[in-house]
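The structure appears below as structure tokens.
The values are calculated or read from the model by the stated rules, or taken from the named source; none is laboratory data. All figures in this text were calculated on a predicted structure; none of them were measured in a lab. Positions of Cβ are backbone-derived with ideal geometry, glycine not excepted, and every protein chain shown enters the neighbour counts. Side chains included, ligands, DNA and RNA excluded: accessible areas come from the protein's heavy atoms. Shrake-Rupley method; radii C 1.70, N 1.55, O 1.52, S 1.80 Å.
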Amino acid sequence: QVQLVESGGGSVQAGGSLRLSCAVSGLSYSSYCMGWFRQAPGKEREGVANIISGDMTWYADSVKGRFTISQDNAKNTLYLQMNSLKPEDTAMYYCAADRPYWICTDNFAPYNFGYWGQGTQVTVSS
């Protein structure tokens, strides 16, 4: 059984930082694409960042240079460090995972993922 549980969301002022965590059980990091998505009210769920094998990463242009995705294999946890937060970052954030490597490298879209966390809310005020 694969389970992903997010934590670390909250309310911060613009320019602040948050670190989201995703506790993973039931799968190995060895061959899975793992990443973060977000969805704001009235908008489609969009990809934020992904990672393969702990060193191959991708970031949406909107967060590049501000967010960092990482894995701690010893703790079986995925992280998203979010710095210099902006009001437009306000959304429900979800971690996701699935087997094919190419969904990280070629088609990072919600419909390609079968395993999801429950979401954690991030609210950034101006």
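The table below gives the values:
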| read-out | value |
| --- | --- |
| Tally of residues being more than 14 Å from Q121 (Cβ to Cβ) and either in contact with an Asp or Glu (Cβ under 8 Å, 6 or more places away or on another chain) or outside any strand (DSSP E or B) (or both) across region 24-43 | 10 |
| Members of region 1-23 that are modelled with pLDDT of 95 or more, part of a loop (DSSP other than H, G, I, E, B) and closer than 23 Å to A109 by Cβ | G9 |
| Residue in region 65-77 that is open to solvent by 70 Å² or more (accessible area, probe 1.4 Å), at negative phi, touching a Gly at 6+ places or on another chain (Cβ under 8 Å) and modelled with pLDDT under 95 present | yes |
| Scan of region 77-123 for residues that are charged (D, E, K, R) and free of Cβ contacts under 8 Å to residues at least 24 places away in the same chain, ordered by number | D106 |
| Region 79-115, residues that are part of a helix (DSSP H, G or I) and open to solvent by less than 60 Å² (accessible area, probe 1.4 Å) | P87, D89, I103, C104, P110, N112 |
| Among residues of region 44-61, those that are touching a strand residue (DSSP E or B) at 6+ places or on another chain (Cβ under 8 Å), open to solvent by 40 Å² or more (accessible area, probe 1.4 Å), part of a loop (DSSP other than H, G, I, E, B) and at pLDDT 95 or above, counted | 1 |
